[in-house]
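What follows is a set of notes on a single structure, which appears directly below.
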Amino acid sequence: MDQSFLLMLSNLLHLQNHLDPTTTSLLSDNATTSPSSILTSTSAAPLLFFTLASVLSYLASSRPSNSSPSPSTTTTSAAPASAEEPSEYSVAAFRALSTERIWAMEAPLRDSQWRSSYGLSYPVFTTVVDKLKPFIAQSNLSLPTDYAVAMVLSRLAHGFSAKTLAKRYSLEPYLVSKITNMVTRLLATKLYPEFIKIPVSRRRLHETTQAFEELTSLPNMCGAIDGSHIKINPPKTQQTLSSYRSRHGFPSVLLQVVADHKKIFWDVCVKAPGGVDDATHFRDSLLYNRLISGDVVWDKVINLRGHHVRPYIVGDWCYPLLSFLLTPLSYNERVTQTQNLFDSALMKGRSVVVDAIGLLKGRWRILQDLNVGLNHGPQTIVACCVLHNLCQIAREPEPEIWKEPEESGAPARVLEVEKASYYFGESLRQTLADDFHQRVSSR
């Protein structure tokens, strides 16, 4: 008989003795009272006791026994357990993959799986986690650091919205957005100085200029500059929308990058809405102000036909011609052989930044259609640039390049304060073009 029923029956017996002390206790060891004597008692307690006892006995007999569960009972009880098993995106599943299975997998298979999920290989992922962990620990985040970083990387790599990621990870959308903002802010501020640097050291500068010369045959080139429109959600007000509408027809913010021969960014700027042109954005950047003021000192000067050639970057016609920024000689006009040779070489150097931007958007697909708040857009873009450099430094396999819309626009005009730098740049460009033409002709 069910133990709980025996307990209730014992309590009822004690209650009967308390209500009818004239009868002999049914719990005493020497009790000889028969059921009929109890029923003939002057008190109503015995009758009440047996009535309740009968009801409880019936209920107890109708309940299935725990000692021999039926197959249907076993199936029913097992169902909730299976429903509560962790999903493949839970902390437990992530921990099992990253701590138990990861080192049992072959490295190529392991890294391919992580690139598919998080945009980079497992060793690069652990590097990111180790560098962010001290800062994330200060935020008292309830989730493990590596789990939170993995979740944000999956969003950046696949372009998931906060709602989509929240459903997948069984979290609230606001929490996904909060974690995304925290991780991207740390990438854009704490890791930026370490992984995005102007090449000023003699060793790096020599390596960069040498590689560009092998690519273009032009000496002392140290980088290529270009801009890219990052599509965003349309701003709410019409006035704001007009300032963010790009020449391609969609609302955007403008990204400006300078890349070296390895397609590694050594400067990143996101300060302008999509309605601003490349030259204006460049002039508003910290890089422009450092270069125009002579704050950046490149200790590598060569003498070419009596002209002192310092390191310079190259760009298209959208940028102004300056002493440190060279653009093509010709624009929609008849060209000479000298101009044609120089422009072909210069655009070959510029191609590295075009490819770098294509890799950036191909690897971090959130940049193809940015689905974060406008206030957090710049830091998300810069964070992706930092991750891009990490992947390039680690020589991660390059994904399919994202094709940018065709560029168009008139040549940038020169400001009055830039006239001296413009004339110097014009002389430098012609010297390089003449020297290159002579070298080609003498072969």
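Annotations
- So residue 176, is it farther than 19 Å from residue 268 by Cβ and either out of contact with any Phe, Trp or Tyr (no Cβ under 6 Å at 6 or more places or on another chain) or not in a loop (DSSP other than H, G, I, E, B) (or both): yes
- Whichever residue in segment 272-285 is touching a Lys or Arg at 6+ places or on another chain (Cβ under 9 Å) and open to solvent by 20 Å² or more (accessible area, probe 1.4 Å) and, among such residues, is nearest to residue 226 (Cα to Cα): 277
- Taking segment 318-341 as the range and being more than 16 Å from residue 430 (Cα to Cα) and open to solvent by 50 Å² or more (accessible area, probe 1.4 Å) as the test, the residues that pass are 332, 333, 334.
- Among the criteria (1) open to solvent by 10 Å² or more (accessible area, probe 1.4 Å); (2) within 23 Å of the chain's Cα centre (by Cα), the one residue 219 does not fulfil is (2).
- Of the helices (runs of 4 or more DSSP H) contained entirely in segment 332-443, those carrying at least 3 residues that are under 23 Å from residue 161 (Cβ atoms) fall at 337-363, 377-393.
- Scanning segment 405-421 turns up one or more residues that are buried (at least 19 other Cβ atoms within 10 Å of the Cβ), at pLDDT 95 or above and of a type outside the set (D, E, K, R).
- Every residue from segment 248-264 that is touching a strand residue (DSSP E or B) at 6+ places or on another chain (Cβ under 8 Å) and either surrounded by fewer than 21 Cβ atoms within 10 Å (Cβ to Cβ) or under 23 Å from residue 375 (Cβ atoms) (or both): 248, 250, 251, 252, 253, 254, 255, 256, 257
- Boolean, residue 200 is at pLDDT below 95 and either part of a loop (DSSP other than H, G, I, E, B) or β-branched (Val, Ile, Thr) (or both): yes
- Some residue of segment 293-310 being closer than 21 Å to residue 410 by Cα and open to solvent by less than 30 Å² (accessible area, probe 1.4 Å): no
- Subset tally (residues that are out of contact with any Gly (no Cβ under 8 Å at 6 or more places or on another chain) and surrounded by 15 or more Cβ atoms within 10 Å (Cβ to Cβ)) for segment 227-239: 4
- Of the helices (runs of 4 or more DSSP H) lying entirely inside segment 81-146, those containing at least 1 residues that are among the aromatic types (Phe, Trp, Tyr) and modelled with pLDDT of 90 or more are 107-118, 122-137.
- Just one of the numbered conditions (1) within 12 Å of the chain's Cα centre (by Cα); (2) in a helix (DSSP H, G or I) is not true of residue 164: (1).
The values are calculated or read from the model by the stated rules, or taken from the named source; none is laboratory data. Predicted model, so just to flag it, every value in this text is computed and none were measured. Counting neighbours? That spans all protein chains shown, and the Cβs are built from the backbone with ideal geometry, glycine included. Note: areas computed on protein heavy atoms with side chains; ligands, DNA, RNA excluded. Shrake-Rupley method; radii C 1.70, N 1.55, O 1.52, S 1.80 Å.
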